[in-house]
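Novice: Take this structure first; my questions come after.
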Amino acid sequence: MSTQLILLVHSGIVASLLLFWLLQLWRRGLFRWTTTGFWAWAACLLYFVLNPIGSLLANDVLRYDVALSIAGGERRAAWIGLVTCVGISTFFLIYLRTRTRPLTWRLERSAQLTPFIWFTILLAISLALPSLAVYRAGLFGGTEDVVIDLGRFSGDVTGYQYSAHMLLLVPAVFLVLSKSIPGRVLGWLSLALYVVLSVLDPWGRYLVVSALLAVTFIDVVGRRKNWPRVLMIVAVIFVVTLLRVRGHASFESRSAFLDLAAQVPENIVANLGSGDSAMLATWYLESFTKDTLGGYDYGIPIVNYSLTGLLPSKYFPWKYFLIDSLKSRQDARIGLEIHALLYGGKSSLLGSFYAEGGLLAVFLLSAITGFLMRKMDGMVSAEAPPLVLATGIVWMSLLWMIWGSADYWAITNLGIIALPAIGLWLVSPKVSRKQSVEPANQPGSRQLRARRSTAARPFMSLRGDPPK
C-alpha cells in the first residue's frame, strides 16, 4: 500500500471518529471556544487529519515515506491508527461523563486590587520582562549567552532566566479582568508588549499565538458568547501562517515583514501539511523505537521533571539523573541515524502517552487527561473569580501546543504559569468554607435555598424545632 493511500485511509477513519465526537460535544453544548473539549478536538483534527491531507495536497509526503519505511509500513500505520482512535475515544468518553462546576478557589469574586496583590503582580512582571526582552527577543545581545544542549541549559543563561517570561501571562490577564482602570490599562499594555517581543524571538512562535488566543478568550468570556469575533479568528490564522512562513528566523526589516505577509494567502494550505504539525509521522517512527529498540519510558521523565524540575541546573547538575539513566540504556539501541530523524520532532500528547507504556498507557493517561481537562472547564466561566478565570484562560491558550507536545512539557509549562497564580492566591481575600460551597452569585442558588427551606419546614416542626 502506498504512503498516499495509507494517509488517505487514516485521515478518513479519524475524521469520521472526530465527526462522531463533534456531534456528542454539540449535543451537550460543549463544542465552543472556551471548553477544553473543543481544543482537544481541534488539535486532533489538525495533527491526525489536516496535516496528512495537507501533505497529500502539497504532494509532499517525504517525511511520512521515511518514517514508514523504517517503522514497518502499513502495519505500523494501521497499529498507530488504532491507538489514535482508542486515545481519542477514551479522552472524549471520560470528558463527557465527568461533571464540573465553576471553580472559586475560595476567592472573593469581586476582590479589590490590594497593595499586596499589586506588589505580587509588579514583582512577576519585573521578573518576566527582562527574560522576554533580553534572553528571548535578544534586544541587548542576551541570546548570545543562551546555550541549550538537548533541552538543557549549559551556558551562562539559566533555565529560570530563559523561561521567566511566562510569569507575565496570568498577572496580565488578571489585570485585564479587574475592575481597576489603571489595572486594565497595565494588563493590556503587558499583553501587547508580550506579543511584540515574542515576535522578535525566532523560537517563540507559540508564545505569540498563545498570547493572541488569550485575547480571544477574554473577548468571548467578556461578551458571554460561544465564539470570538470573526476578525479575531482571521487574525490568529494570519499570524500562525506568517510565523510558519518565517520559520525560526527574525524579521530583518519592515520590507521583509511585508514580503512574508504577502505570501500568507498562498501558504495557508501548505501550512497544514508543514513539518511543524507532522506529529503523526514522528509518532510512526518513535513508536517503532519504543516497541522494538529502546523500550518504554514508564513515566520516568514525568517523575524526574516533577521532583527536580524546580532545581536550577547550575547548582544541581545531577537533577536529571533518572532521565540520564533511562537514555543511557535506550539511545545506544536506537542508534544515531534514527535519533537524527527524531531530533526536534514531536509525536503529539497521545504519542508521548504511547512512549510511557504503549496502548495501555494511552488508554489510562487519556482517561486521566479527559477527567482533568473537564475540571479545567470550570475555571473558564463567567462565575469564576478573576484569578481563577485568568489562570484558566492562560492554560487553555496553550492547549493547542500541549496536544502537539510531550506530557512532561505540558506539566513543566503549566507549572511555570501557575507560579504567579499561587502567589496571587496567597495574598488575595478568601471567603469562608461555608460560603464557598454554594456561591451567592451562582444562578438559581437563592431560589434553590428558598425551595429547600420551604420544603423542610413541616419536618422541622415534627422534630420539635420552632416553625419559622
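Laboratory data are not the source of any read-out in this text; all were calculated from the coordinates shown. These figures come from a predicted structure and were not determined experimentally. Here the Cβ positions follow ideal geometry from the backbone for every residue, glycine too, while neighbour counts run over all protein chains shown.
Novice: Once you compute Rg and the Kirkwood Rh from C-alpha atoms, what is the Rg to Rh ratio for the chain?
Specialist: On the way: Rg = 24.2 Å, Rh = 24.2 Å.
For the chain, the value is 1.00.
Novice: Right, another one. What shape does the stretch 59-138 have by the C-alpha gyration tensor, where a ≥ b ≥ c are the square roots of the eigenvalues, rounded means a/c under 1.5, and otherwise prolate means a/b greater than b/c and oblate the rest? Walk me through the intermediate numbers first.
Specialist: Values: a/c = 6.05, a/b = 1.68, b/c = 3.60.
Judged from the Cα gyration tensor, the stretch 59-138 comes out oblate (a/c at least 1.5, b/c at or above a/b).
Novice: Quick one: which residues, 5+ away or cross-chain, put their amide H under 5 Å from the amide H of residue 107? H built at 1.01 Å from N.
Specialist: Result for residue 107 returns 431.
Novice: Let me ask another. How would 17, 350 line up from fewest to most surrounding beta-carbon atoms within 10 angstrom? Let's see the in-between values first.
Specialist: On the way: 17 18, 350 30.
Fewest to most other Cβ atoms nearby, the residues stand as 17, 350.
Novice: Can you list the lysines whose alpha carbon is less than 26 Å from that of residue 430, not counting same-chain residues fewer than 8 positions off?
Specialist: List returned: 179, 375.
Novice: Sort 409, 403 so the one with the fewest other Cβ atoms within 10 Å of its own Cβ comes first. List each step's numbers first, then the result.
Specialist: Working: 409 18, 403 22.
Ranked by crowding around the Cβ, least crowded first: 409, 403.
Novice: Can you run phi through the Karplus equation (6.51, -1.76, 1.60; θ = phi - 60°) for the stretch 29-36 and list ³J(HN,Hα) in whole Hz, with x for Gly and Pro?
Specialist: After applying 6.51 cos²θ - 1.76 cosθ + 1.60, I find x, 10, 9, 8, 4, 9, 10, 5 Hz.
Novice: Can you pull out the trypsin sites (Lys or Arg not before Pro) in the stretch 210-279 that DSSP calls coil and that have at most 12 other Cβ atoms within 10 Å? All intermediate terms of the calculation are to be shown ahead of the outcome.
Specialist: Numbers: sites: 223, 224, 225, 229, 244, 246, 254; in loops: 224, 225, 229.
Qualifying residues, ordered by number: 224.
Novice: I've got another one for you. What 222 nm value per residue comes from the helices of the chain, counting each DSSP H run with n ≥ 4 as -39,500 (n - 2.57) and dividing by all residues, nearest 500 deg cm²/dmol?
Specialist: Working: 23 runs with 312 residues, N = 468.
Using -39500 (n - 2.57) per qualifying helix, the result is -21500 deg cm²/dmol.
Novice: Find the centroid of the Cα atoms in the stretch 264-292 and in the stretch 42-78, then give the distance between the two in whole Å.
Specialist: 7 Å
Novice: Moving to a separate point now. What ranking of 88, 233 emerges when the number of other C-beta atoms within 10 Å of each C-beta is taken as an exposure proxy, fewest first? Each step should come with its number before you reach the end.
Specialist: On the way: 88 22, 233 13.
Going from sparsest to densest Cβ surroundings: 233, 88.
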